[in-house]
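The values are calculated or read from the model by the stated rules, or taken from the named source; none is laboratory data. Quantities reported herein were computed from a predicted structural model and do not represent experimental measurements. We place every Cβ from the backbone using ideal geometry, glycine too, and count neighbours over all the protein chains shown.
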Number of protein chains: 2
Amino acid sequence: MATLQLDLAERSYPIYIDSHLLKAGELLTKHIRAKRVCVVTNDVVSQLYLSSVKELLSDFQVDEIILPDGEAEKSLHNFEKIMSHLLANTHGRDTTLIALGGGVIGDITGFAAACYQRGIDFIQIPTTLLSQVDSSVGGKTAVNHPLGKNMIGAFYQPKAVLIDINSLATLPAREFSAGMAEVIKYGILGDREFFYWLEQHTDAIKASESSVLIEMIERCCQCKADIVSQDETEAGCRALLNLGHTFGHAIEAEQGYGNWLHGEAVATGMVLAAKLSVALNLLEASELRRIESLLAAFDLPLEAPETMDFHSFIKHMRRDKKNIGGKLRLIIPNTIGQAVMRDDISEDMLQQIL
Amino acid sequence: MATLQLDLAERSYPIYIDSHLLKAGELLTKHIRAKRVCVVTNDVVSQLYLSSVKELLSDFQVDEIILPDGEAEKSLHNFEKIMSHLLANTHGRDTTLIALGGGVIGDITGFAAACYQRGIDFIQIPTTLLSQVDSSVGGKTAVNHPLGKNMIGAFYQPKAVLIDINSLATLPAREFSAGMAEVIKYGILGDREFFYWLEQHTDAIKASESSVLIEMIERCCQCKADIVSQDETEAGCRALLNLGHTFGHAIEAEQGYGNWLHGEAVATGMVLAAKLSVALNLLEASELRRIESLLAAFDLPLEAPETMDFHSFIKHMRRDKKNIGGKLRLIIPNTIGQAVMRDDISEDMLQQIL
């Protein structure tokens, strides 16, 4: 088992990565403070893993909330539904929420934990690759708003993250690929060696070799933990984790949440950011091709939907949370292994690549 | 002018108390980080003070959200309305919200600031006595849920609190009295001398003598700031500030929010807590009478609504946020000037006094 620690003083917590973690009860139960828990999950994941998790919790009073699957469910409406359920069942401040599922479940459950009675404990059990390498670590919680993704939320850290790579076995191939976009992102934004490692291990990853998956996820979580412990609330370097996301969010918003998977939109967003960098004479054209090849090896889309033009991008990008004083701020790779934030990209320049 | 500081490391902030503060722009503007602000207020307060506040902000781009007046508006629905307004008007992370109004406006605006894009700055300009001595200080933000008051919220501190006692001149007498319940609370729970001072200055307070009001509000804010700086998230002593609130919340919930004012419910709640203490042979009967007299001097109700019996209290009290492991936790005064939290009050004992 790989165990990492996210260091944030009194809010520090462990990240466990292994196969068969959903059979190891003690790792879960030692982070639960009282006798009541409420598992929040969706109708797909619940059929696969809810009974295993409940077995781990046989000494606890276990309540459950099962939402429909999908990004469209990450809504204020479902947030309210969780609040109502917890209140109707008289959950107190000592209840622990357990997020069992992908990024949607993790984000909405974390936000519910942040707000219920002004904050209760929660634990992440991410079951998708994307949530295992990205959204379950670092305390970004949120729901979507029709006018923008993740616009309503909080920085609120879990008490522990349990990553069982066995849950990837039931993940649809398209969702696994979407997760790979975030994996590849870590290589592009900060770890050239890891990017090479991914090129070399593409077949092993696609064959789901356990030791390779554990190492891959561990390297992603370590990278994220290092960045978050330096900058919990995205005042600085944490913004680099948004590589590909500004373009990506525009694609998701324009296409309707869920039609493009988040990871797919990020993959295309990273290609656009890389093209911008080439246009600025920073990234070499050969590096752009390597990025495209690695993304393509995992069946990720490299081009924006044909229906989207410059204007459909820019209207969403102007609402991006990173923008300050009305200025667009974009993350671009200078080279494979190093990204920077730029606030000097003109709309003309954007129009050229979009 | 009285200036206090709430000490919470990097989240520390000043509390300014004076007359004519709404004419002193620099105290407000120095806490605004960028050029955009959005004032959140209600349709009563906006007619009285919005133009003054906008004059102070002539160098800024000022947006406004005007909610209907009343406790019923402290809802998730209006929270969503604020989010939608901010997004539709492309407010970024550097926008500052200004809460101009009473506790309802302060609480919902603070919660909106806590959640909008995972947290933006906000400033409190409380215009009611209750919000000046209590809710604007200490970072408790929330909205109500049909199943309980303040059940959805966050601990999120403002950047500054500006208390202009002149705004009390336009406050309806009933609301001033409701604020006095929270003022008297500080005397009962932690400052016997202040309780005596209030007994001696009842007439001056009712005559709105400026120097007396400033001293009174300063003493309340100092007491609250001392407690909050020791225990920001109510893990310990902060719970004492809930004296009278467990019974009070039950009254408010049972009567429908807004029919009883919060301060009125707290006044009756404090009498019930004091009666409980007398029944436990702690508080002397003469002290109970002094508490009742001081509350009565400000026209506050001393008895629960006739329609409420033991069962209508207990069903709400079982949902109180202070409860742990299903056990009721109540704050009671041991004597005037000292309160304690008890988790050993039986329902039989409660039935006796309710």
Taking the range A:64-87 and the residues there that are surrounded by 16 or more Cβ atoms within 10 Å (Cβ to Cβ) and outside any helix (DSSP H, G or I), the one that is farthest from the other protein chains (Cβ to nearest Cβ) would be A:ASP69
I need every pair where a residue in the range A:332-354 that is more than 17 Å from A:CYS223 (Cβ to Cβ) has its Cβ under 9 Å from the Cβ of a residue that is acidic (Asp, Glu), sequence separation at least 6 or different chains.
A:LEU354/A:ASP309
Considering A:ALA235, A:ALA285, which residue is over 19 Å from A:MET180 (Cα atoms) and within 14 Å of chain B (Cβ to nearest Cβ)?
A:ALA235
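Specify which of the listed residues (A:LYS159, A:LYS149, A:LYS206, A:LYS140) is more than 14 Å from every other protein chain (Cβ to nearest Cβ) and surrounded by 17 or more Cβ atoms within 10 Å (Cβ to Cβ).
A:LYS159
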Scanning the range A:168-223 residue by residue, those among the small types (Gly, Ala, Ser) and either within 18 Å of the chain's Cα centre (by Cα) or assigned to a loop (DSSP other than H, G, I, E, B) (or both) turn out to be A:ALA173, A:SER177, A:ALA178, A:GLY179, A:ALA181, A:GLY187, A:GLY190, A:ALA207, A:SER208
Does B:ALA88 count as without any contact (Cβ under 8 Å) to a residue 24 or more places away in the chain, out of contact with any Lys or Arg (no Cβ under 9 Å at 6 or more places or on another chain) and within 23 Å of B:LEU57 (Cα to Cα)?
yes
If you check every pair at least six apart or on different chains, which have Cβ atoms under 7 Å apart with a residue in the range A:310-326 that is more than 10 Å from chain B (Cβ to nearest Cβ) first and a residue that is of a type in the set (Val, Ile, Thr) second?
A:MET317/A:THR246
As an exercise: evaluate A:ALA154 against (1) more than 14 Å from every other protein chain (Cβ to nearest Cβ); (2) surrounded by fewer than 24 Cβ atoms within 10 Å (Cβ to Cβ); (3) touching a Phe, Trp or Tyr at 6+ places or on another chain (Cβ under 7 Å) and give the number of the one condition it does not meet.
(1)
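In the range A:88-125, which residues are of a type in the set (A, V, I, L, M) and either more than 18 Å from A:ASN42 (Cβ to Cβ) or within 7 Å of chain B (Cβ to nearest Cβ) (or both)?
Residues satisfying the conditions are A:ALA88, A:ALA114, A:ILE120.
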From the list B:LYS23, B:LYS30, B:LYS54, B:LYS74, which one is over 30 Å from B:GLY148 (Cα atoms) and in contact with a strand residue (DSSP E or B) (Cβ under 6 Å, 6 or more places away or on another chain)?
B:LYS54
Kindly check whether there is at least one residue in the range B:11-18 that is in a helix (DSSP H, G or I), touching a residue at least 60 places away in the same chain (Cβ under 8 Å) and of a type in the set (Phe, Trp, Tyr).
no
I'd like to verify a number: residues in the range B:330-351 that are modelled with pLDDT under 90 and either within 14 Å of chain A (Cβ to nearest Cβ) or surrounded by 17 or more Cβ atoms within 10 Å (Cβ to Cβ) (or both), how many?
0
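Where in the range A:88-167 are there strands (runs of 3 or more DSSP E), lying wholly inside it, with at least 1 residues that are in contact with a Pro (Cβ under 8 Å, 6 or more places away or on another chain) and not assigned by TED's automatic domain parsing to the domain that holds A:ASP320?
A:96-101, A:121-126, A:160-164
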Those residues that are modelled with pLDDT under 90 and surrounded by 20 or more Cβ atoms within 10 Å (Cβ to Cβ), I need them from the range A:217-248; list them, please.
A:GLU234
